[in-house]
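Written below as structure tokens is the structure these notes are about.
None of the figures in this text is laboratory data; all of them are computed from the coordinates on show. Predicted model, so just to flag it, every value in this text is computed and none were measured. Note that we place each Cβ from the backbone using ideal geometry, even for glycine, and neighbour counts take in every protein chain shown.
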Amino acid sequence: MTTKPPSPVTHPHQARGTLFILIASAAFGSSGPLAKSVMQAGFEPAQVAGMRAGLAAIMLLIAVALFRPQILHIRRTNWRTTIAYGLIGVAAVQFLFFVAVARLPVGVAMLLEYMSPILVALWVRFVRHVHLPRLSWIGTGLALVGLVLVAQVWSGLRIDTIGLVAGLAAALCSAGYYLIGERGAGEQHPIGMVTWGMAVGAIGLFVAAPPWNLPVDRLTATTAFGDHQYPVWVLLITVAALSTAVAYTLSTASLRDLPSTVVSVLALSEPVVATLLAWLMLGEVLDPTQIVGMVVLLGGALLVQLAARAPVTPADPQPTK
């Protein structure tokens, strides 16, 4: 990843950016319960991730080609960013997170991936040499504490080296998603970048889980989601449209109005949505500790949002040798 900072971008529409990332996080949060139901029908995690990205890419390509074909044009100089966005922000994040989930408790895997706001803040501070307000650091720390409580990482905790490495790698790739997305959204239309990035990511995932190995006979089977039974293909289309196409588009678009340090923390509301949906639709227990964690997490996110109103200043210049 290049260390050259992106061109200066003003953020005149903080309310719009905040709305976009909160809706995106809610959409991302729905992917867990939806994907879990599909996996219970006999699909492997990598297969679900590949179908999710592949269907989302097809949907985006058709919709954009029909209504805004001009934004599918990407300058040659921007393809490098788009490919990195697809391989790192779409394929690698999903694949590594599923590996971590397979080997670690879900709460631990979630906590590892959502260390990305700290990594984004460290990159901005020490690579871009930008001072971040103290309130931003405090809010990020509170949000992570809240995430620990929501995820309940102490429940069934065990160590698995491969799972630990995969979770940390997912955090690095998630941080890369926000940083690359921030740069790309400032250079080109975010929907165009998401569309081609999703296609690149789907190809990357199909390498890990070839589509010709899919148990296609199970697509018409029904599986439980909440109190009802739905065909597997209906849940797959929903997770592709809502939890992928819409979520990635709004999340990346929010980076036009908010810095990556803010977007990555506001995105921590995703586990809150996932936990609430699992409670409502899948009957999973929501205990008082998780409720407290949600309040702490959202409070930390609010502090980061307030800190974003402060002017951003360069860090002290490094002495030359």
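Overview of values
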quantity: Alpha-carbon centroid distance for the pair region 168-246 / region 17-66, whole angstrom; calculated: 4
quantity: Sequence-separation-based contact order of region 14-311, relative, with Cα cut under 8 Å and 6+ spacing, percent; calculated: 41
quantity: Neighbour-count ranking [beta-carbon atoms within 10 angstrom, fewest first] of Val239, Val165, Val207; calculated: Val207, Val165, Val239
quantity: Sequence-distant residues sharing a close amide H with Phe225 (under 5 Å, placed H); calculated: Tyr230
quantity: In region 156-265, the trypsin sites (Lys or Arg not before Pro) that fall in loop regions by DSSP, at most 16 other Cβ within 10 Å; calculated: Arg158
quantity: Point-to-point label distance, Arg128-Ile83, nm (Cα→Cβ direction, 7 Å offset); calculated: 2.5
quantity: Positive minus negative residues near Ser30 (Lys, Arg vs Asp, Glu; Cβ under 14 Å); calculated: +1
quantity: Neighbourhood charge, 12 Å Cβ-Cβ cut-off, centred on Val48 and excluding it, Lys, Arg +1 and Asp, Glu -1; calculated: +2
quantity: Least to most buried among Tyr114, Tyr230 (fewest other Cβ within 10 Å first); calculated: Tyr230, Tyr114
quantity: Spin-label pair Asp217/Ala15, simplified geometry with 7 Å Cα→Cβ offset, distance in nm; calculated: 5.6
quantity: Length added when fully stretched, Asp160-Leu66, from 0.36 nm per residue minus Cα-Cα; calculated: 29.1 nm
quantity: In nm, spacing of pseudo-spin labels at Ile237 and Arg76 (7 Å Cα→C-beta vector); calculated: 4.1
quantity: Scaled radius of gyration (Cα, divided by 2.2 N^0.38 Å) that region 14-311 gives; calculated: 0.96
quantity: Whole-Hz couplings from phi, Karplus 6.51/-1.76/1.60, listed for region 246-259; x for Gly and Pro; calculated: 5, 4, 5, 4, 5, 4, 5, 4, 5, 6, 6, 10, 9, x
quantity: Residues His228, His131, sorted so that the one with the fewest Cβ neighbours within 10 Å comes first; calculated: His228, His131
quantity: Simple Cβ-charge dipole of region 14-311, Lys/Arg +1 and Asp/Glu -1, about Cα centre, in debye nearest 20; calculated: 880
